[in-house]
Amino acid sequence: MIKKILFACLILSSNLYGQKFQDLALTPPMGWNSWNHFECDDVNEKVIMDMADAMVSSGMKDAGYEYINIDDCWQVGRDAKGKIIVDSIKFPNGIKHLSDYIHSKGLKFGLYSDAGTHTCGGRPGSKNYEKQDAESYAEWAVDYLKYDWCNTEGQEPIESYTLMRDELYKAGYPIVFSICDWGASETWKWASDVGHLWRTTLDIADRWDGTRWGNQLGWVNILELQVGLEKYAGPGHWNDPDMLEVGNKGLSINEARAHFTMWCVLAAPLITGNDLSNMSKEIKEILTNKELIAINQDALGKQGFKIYDEGNFEIWQKPLSNGDMAICFLNLESEDKDFTVHWGKINIKDYTGTYKVQNLWKNKKTKDTNETFSLKIPARDVVIFKLHQ
């Protein structure tokens with residue numbers, strides 16, 4: 001009963017204030033976040049400016065990335081009126097100065113807070129200060145808010161996130177609202193009327209699989225937790241399996257390429273977490289591959305789903321506009337995988353007629369789906385094709 005009442009309140013408050021926010025994130029957001037590489041101690045004004053410069057000079061802006069997001073550790077307290085105080089040592093010129101700089105580059109600016117009393121890093125959270133914080137974000141021209149769920153004992157997620165959403169609406173500056181309760185409340189079932197994207201799992205780590213400290217998962221583990229969630233995603237409301245670890249030290253090039261590919265297939269937000277000013281040629285080529293980004297940003301807005309699974313070898317399908325589709329072969333083994341491709345026997349959904357076939361990482365066209373051929377998928381890597389009629 002309580003959830004039904006809350007849902008009714010969601011709809012009412014959404015209609016009252018949400019007009020300016022309806023056209024945001026019609027495709028998965030693309031950008032960069034400070035946490036995965038710089039975490040708390042190393043984030044500061046110079047780092048953020050350098051990342052904005054690098055996003056432009058590296059070609060990532062031209063590839064579609066647009067958000068530069070500061071994660072935790074930018075705030076230190078509140079003034080007598082409850083307004084959030086910026087860490088003047090890390091950010092001596094204030095947040096508005098930084099926002100203006102990022103906007104001057106043709107990019108958008110994102111910030112972080114928490115629904116509880118304190119952030120995960122122990123900084124002031126937004127509980128009981130939602131109005132003041134939303135007004136500050138509007139004053140600073142913040143385009144993206146990641147809203148975490150630490151130190152929220154006794155709080156109800158729908159109520160807490162809706163409260164902040166409504167204050168953002170009232171403040172009047174259009175902002176992408178990223179919900180981060182790690183999927184603990186089965187967020188995908190209620191969040192499409194509250195935020196533009198929502199985390200589905202615990203945090204990601206720069207590792208292939210396994211866990212770190214019990215609350216960080218390898219990206220393959222996170223991938224498997226997305227199975228069955230595809231029906232909840234679409235334009236303006238996305239499942240978020242967490243930020244990309246491509247370019248961080250824990251992944252090989254094969255693993256990084258597979259990670260990026262699967263996030264594109266999932267229609268996941270492409271929020272990178274590496275040092276943009278120090279990327280290898282191979283990492284930059286992965287992150288700026290326009291064929292894969294086009295799969296992620298396809299206007300149909302369908303999340304990919306698994307159609308074949310033999311343990312350590314999987315095939316995924318992502319529906320695309322105009323009846324096209326992407327088919328991805330994922331090898332989870334530590335050895336190369338040989339597989340005979342017979343398109344009509346793979347259990348592809350809505351497969352009708354004959355399709356032309358393009359290998360997306362090689363940007364090479366093969367014949368068509370009438371052809372049966374042998375495919376070698378490298379260890380811990382992918383081969384992905386686009387099928388179009």
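The values are calculated or read from the model by the stated rules, or taken from the named source; none is laboratory data. Quantities reported herein were computed from a predicted structural model and do not represent experimental measurements. Counting neighbours? That spans all protein chains shown, and the Cβs are built from the backbone with ideal geometry, glycine included.
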> If you take the residues in region 185-226 that are of a type in the set (Gly, Ala, Ser) and within 21 Å of residue 120 (Cα to Cα), which one is surrounded by the fewest Cβ atoms within 10 Å (Cβ to Cβ)?
Replying inline: 214
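Restricted to region 242-269, and to residues that are among the polar types (S, T, N, Q) and more than 16 Å from the chain's Cα centre (by Cα), which residue is surrounded by the fewest Cβ atoms within 10 Å (Cβ to Cβ)?
We begin by selecting, within region 242-269, every residue among the polar types (S, T, N, Q); these are 248, 252, 254, 261.
Now restrict to residues that are more than 16 Å from the chain's Cα centre (by Cα): 248, 252, 254.
Details: 248: 19, 252: 12, 254: 15.
Only one residue fits best here, namely 252.
Give the residues of region 300-324 that are acidic (Asp, Glu) and surrounded by 15 or more Cβ atoms within 10 Å (Cβ to Cβ), sorted by residue number.
Going through region 300-324, the residues acidic (Asp, Glu) turn out to be 309-310, 314, 324.
Once the filter is applied, which keeps residues that are acidic (Asp, Glu) and surrounded by 15 or more Cβ atoms within 10 Å (Cβ to Cβ), region 300-324 yields 314, 324.
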>> When the residues of region 261-283 are narrowed to those that are part of a strand (DSSP E or B) and among the hydrophobic types (A, V, I, L, M, F, W, C), which ends up farthest from residue 238 (Cα to Cα)?
In response: 271
> How many residues, within region 240-287, are over 16 Å from residue 35 (Cβ atoms) and not charged (D, E, K, R)?
Replying inline: 23
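Looking at 286, 293 in this structure, which one is within 28 Å of residue 188 (Cβ to Cβ), outside any loop (DSSP other than H, G, I, E, B) and touching a Lys or Arg at 6+ places or on another chain (Cβ under 9 Å)? Before the answer, list the steps.
Values: 293 fails: touching a Lys or Arg at 6+ places or on another chain (Cβ under 9 Å).
Answer to the selection: 286.
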>> Looking only at region 346-389, filter to residues that are within 31 Å of the chain's Cα centre (by Cα) and of a type in the set (Asp, Glu); which one of those is nearest to residue 329 (Cα to Cα)?
In response: 381
> Residues 303, 226, 297, 317: which one is out of contact with any His (no Cβ under 8 Å at 6 or more places or on another chain), closer than 19 Å to residue 359 by Cβ and either in the same structural domain as residue 186 (by TED's automatic domain parsing) or not acidic (Asp, Glu) (or both)?
Replying inline: 317
>> Suppose we filter region 296-330 for residues that are touching a residue at least 60 places away in the same chain (Cβ under 8 Å), part of a helix (DSSP H, G or I) and under 25 Å from residue 31 (Cα atoms); how many remain?
In response: 1
> Within region 160-172, is even one residue closer than 19 Å to residue 24 by Cβ and among the acidic types (Asp, Glu)?
Replying inline: yes
> What are the pairs, 6+ residues apart or on separate chains, where a residue within region 120-143 that is over 26 Å from residue 202 (Cα atoms) has its Cβ under 6 Å from a residue that is of a type in the set (Phe, Trp, Tyr)?
Replying inline: 138/173
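State yes or no: is residue 147 within 19 Å of the chain's Cα centre (by Cα), closer than 21 Å to residue 71 by Cα and among the aromatic types (Phe, Trp, Tyr)? Give the derivation first.
Numbers: within 19 Å of the chain's Cα centre (by Cα): yes; closer than 21 Å to residue 71 by Cα: yes; among the aromatic types (Phe, Trp, Tyr): yes.
Criteria met by residue 147.
Check whether at least one residue in region 337-345 is under 28 Å from the mean Cα position of the chain (by Cα) and surrounded by fewer than 18 Cβ atoms within 10 Å (Cβ to Cβ), and report yes or no. Explain how you work it out, then say what you get.
Of region 337-345, the ones under 28 Å from the mean Cα position of the chain (by Cα) are none.
Within region 337-345, not a single residue is under 28 Å from the mean Cα position of the chain (by Cα) and surrounded by fewer than 18 Cβ atoms within 10 Å (Cβ to Cβ).
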